[in-house]
1. Which order do E41, E313 fall in if you start with the one that has the fewest other Cβ atoms within 10 Å?
2. Kindly point out, ordered by number, any Cys in the chain whose beta-carbon has no other cysteine beta-carbon under 4.7 Å away.
3. For helix 221-237, report the angle its Cα long axis makes with the longest principal axis of the Cα atoms of the chain; keep it between 0 and 90° and round to the nearest 10°.
4. Could you run the Karplus curve 6.51 cos²θ - 1.76 cosθ + 1.60 with θ = phi - 60° over the stretch 113-118 and give me ³J(HN,Hα) per residue in whole Hz, x for Gly and Pro?
5. Binning at 5 angstrom from zero up to the longest distance, how are the C-alpha pair distances of the stretch 250-306 distributed in percent?
6. Using a Cα-Cα cut-off of under 29 Å, which lysines could be cross-linked to K360, ignoring same-chain neighbours fewer than 8 residues away?
7. Rounded, prolate or oblate: pick one for the stretch 187-252, where a ≥ b ≥ c are the square roots of the eigenvalues of its C-alpha gyration tensor, a/c under 1.5 means rounded, and failing that, prolate if a/b is larger than b/c, else oblate.
8. Measure nothing fancy, just the Cα-based angle from helix 261-278's long axis to the longest principal axis of the chain, in degrees from 0 to 90, nearest 10.
Amino acid sequence: METSSPSVGHADPLYSGAPGDEFTDADYVQGMERLMRAVQELSLARSLPDVQRIVRTSARELTGCDGATFVLRDNGKCFYADEDAIAPLWKGSRFPMDICISGWAMLNRDAAVIRDIYQDSRIPHEAYRPTFVKSLVMVPIRKLDPIGAIGNYWAHERQPSEQEVALLQALADSTSVAMENVAVYSELEMRVRDRTAELEQANEEIQQLSITDELTGLLNRRGFYLLAEPALEAARRHGHGCLLAFFDVDGLKRVNDSHGHDAGDDLIRDFAGILRNTLRKSDIIARMGGDEFCALVTELDGEPEGLRDRVRESMRSFATTEHRPYQLSASVGLAQSAPGEPVTLDGLLAHADELMYADKRGKADSR
């Protein structure tokens, strides 16, 4: 237990507690008034540090002692959580309950009133010698299953009166209620935080579902517009060109008619996978509905036709590694905007759609 030179700076107590002075009826009345103020302050406390601050100040002012400690029961030890004294005592230290007077008060559920600490066998004398303490009173916080203790210390030998002990015990009883309230308040706060987090997560999931295509996991039409419009505006603002690719999966009706709608769903999912694996993560890819897909590329890398070639190469590679009752094929329209060109997303989509149909007609004519 460490000590240092006395410190100065404390509010004037209700009772000076000087040697030879007695705790009078007037002092008791003032003490009751201070106790009632402390009870009101404790009723508003919302954290353990708040409780500690109120208790350490009130405990000292109630009796005019030279020091007060706030002790918590912590896994079989006495934790000196806080103090207000003319010199440091044991704040932040932990001691076994069976060697501590605060532990005695908790274990025996009773106040320890000691006029001369060096004449009491319950006191570890060597531990107290470096301190200013000559007399003390220690009361348990809640006599039924104590959860801590409050101690008052004097730098001179004196006998604390029954009224002083009663005031200190009343403060300790109020402290136990305040600590329970803090625990309940903290639990309610935690529940509110958890519930708020759950609601936020649920809202995020709902938002994600509202912009996601259920079959492919890509963006749906709503999601595409939600992300692509600001991306197009940002690209134009920074002087970047853009490319909008519009895809129409070939032969979906034929697959549905020949192999069933489950096979048709597989076709759509396989093509979605081709786009997901071929395009970059920065590209905005969506299933617009049915067999139509599109992708907005705001970071062009090479010629626009390179994208068409990469998708076709991915489909050829897929055909050699995966065995399906269909062959992946898609018609593609590529609409490009020059850097800074004031083009709209709908305008790009319409142009890409026209080019996609031209590609589809070219395939039909070549058969």
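We did not get these values from a lab; they are worked out from the coordinates using the rules stated. Owing to the predicted nature of the structure, the values given are computational and were not obtained by experimental measurement. Here the Cβ is made from the backbone with ideal geometry for all residues, glycine too, and neighbour counts use every protein chain on show.
1. Values: E41 18, E313 12.
If I rank by nearby Cβ atoms, fewest first, I get E313, E41.
2. Unpaired cysteines in the chain: C65, C242, C294.
3. Roughly 90 degrees between the two axes.
4. 10, 10, 6, 10, 5, 7
5. 4, 17, 24, 20, 15, 10, 7, 3, 0
6. Hits, sequence-local ones excluded: K253, K281.
7. Since a/c reaches 1.5 but b/c is at least a/b, the shape of the stretch 187-252 is classed as oblate.
8. Orientation of helix 261-278: about 70 degrees from the principal axis.
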